[in-house]
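Note sheet for the following structure.
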Amino acid sequence: MAVLLLAIVVIEGILLLSWWRPYWVWGVPVFSRRIPAPYPALKAFPFHRLEREVAAEKWPDMVFRPLDKRSHGFRESFGLHFGWRYPPLMRGQIVIDMRRRQIHVIGRGSWLLMVAVVTAIPALKVAPAGVLVVALVLIASYLVQRHRFLAVVAAIRRVLDHPAAN
C-alpha cells in the first residue's frame, strides 16, 4: 500500500510539473467560484497579472500557466520556500466562459486525496484514531488551500476592477 501511495505522489507531482492540460481539466471539483464579468473584460483578461496580484503571505507562491486560449491552471510553487507548507489537495483552473459572461475558478481534488478517502473507510475498523488524525490533517490542509484559492478569486476581482493597471 505504501508503494502505491508513493507511486501516486510521484505521478501526480510529474503531472503538476508538466502542466499537462488533460490532468488540469479532469477531476472532482472540491472548490468552485463564479465571477461575473463584462464581455470586454473577458475578451482581454490579463492572466499575466495574477501571479503578481496573489499575496503569498507566509505560504508558497502561486504559479499560473496557460492551458489553452481561455483557461489557465494554477498551483503552489515547488520552489525553495522557508515559510509554512501544507499538503496540497487541489489543483486550480481558471476558465473564461464567454457565453455565460463569467470567470470560473475551479479547484479539483488531487489523486492522493481520493486515495486517502477510499482507504480511510476500511481503515476505520482497524485504526479509528489514526483515521481521525489523518482526517483532521486533510481538513486543515483543505482550509488553508481554500484560503489560498479565495485569494486567487480576490485577485481576479481586483484585476477586473482595475483593468488598466500594469
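Computed from the coordinates by the stated procedures, all read-outs in this text should not be read as laboratory data. Not measured: the values here are computed from a predicted model. For neighbour counting, all protein chains shown are included, and Cβ atoms are generated from backbone atoms with ideal geometry for every residue, glycine included.
Working note: Karplus 6.51/-1.76/1.60 with θ = phi - 60° gives region 148-154 the couplings 5, 5, 5, 5, 5, 4, 5 Hz, where Gly and Pro are set to x. The alpha-carbon of residue 58 sits under 26 angstrom from the alpha-carbon of none of the lysines, leaving out residues fewer than 8 places away in its chain.
Listed by chain and number, the lysines whose alpha-carbon sits under 22 Å from that of residue 69, ignoring those within fewer than 8 places in the same chain, are 43. Distance between the modelled labels on residue 32 and residue 69, one decimal in nanometres: 2.6 nm (7 Å Cα→Cβ projection). Modelled spin labels at residue 43 and residue 158, positioned 7 Å past Cα toward Cβ, are 2.7 nm from each other.
When Cα Rg over 2.2 N^0.38 Å is calculated directly from the model, which label among (i) 1.13; (ii) 1.41; (iii) 1.22 fits? Answer label, from the structure shown: (i).
If contacts are Cα pairs under 8 angstrom and at least 6 residues apart, what is the relative contact order of region 1-138 in percent? Value for region 1-138: 28 percent.
Find which of 42, 64, 107 sits farthest along the positive direction of the dipole of region 40-153, computed with +1 on the beta-carbon of Lys and Arg, -1 on that of Asp and Glu, about the Cα centre. Checked the options; the winner is 42.
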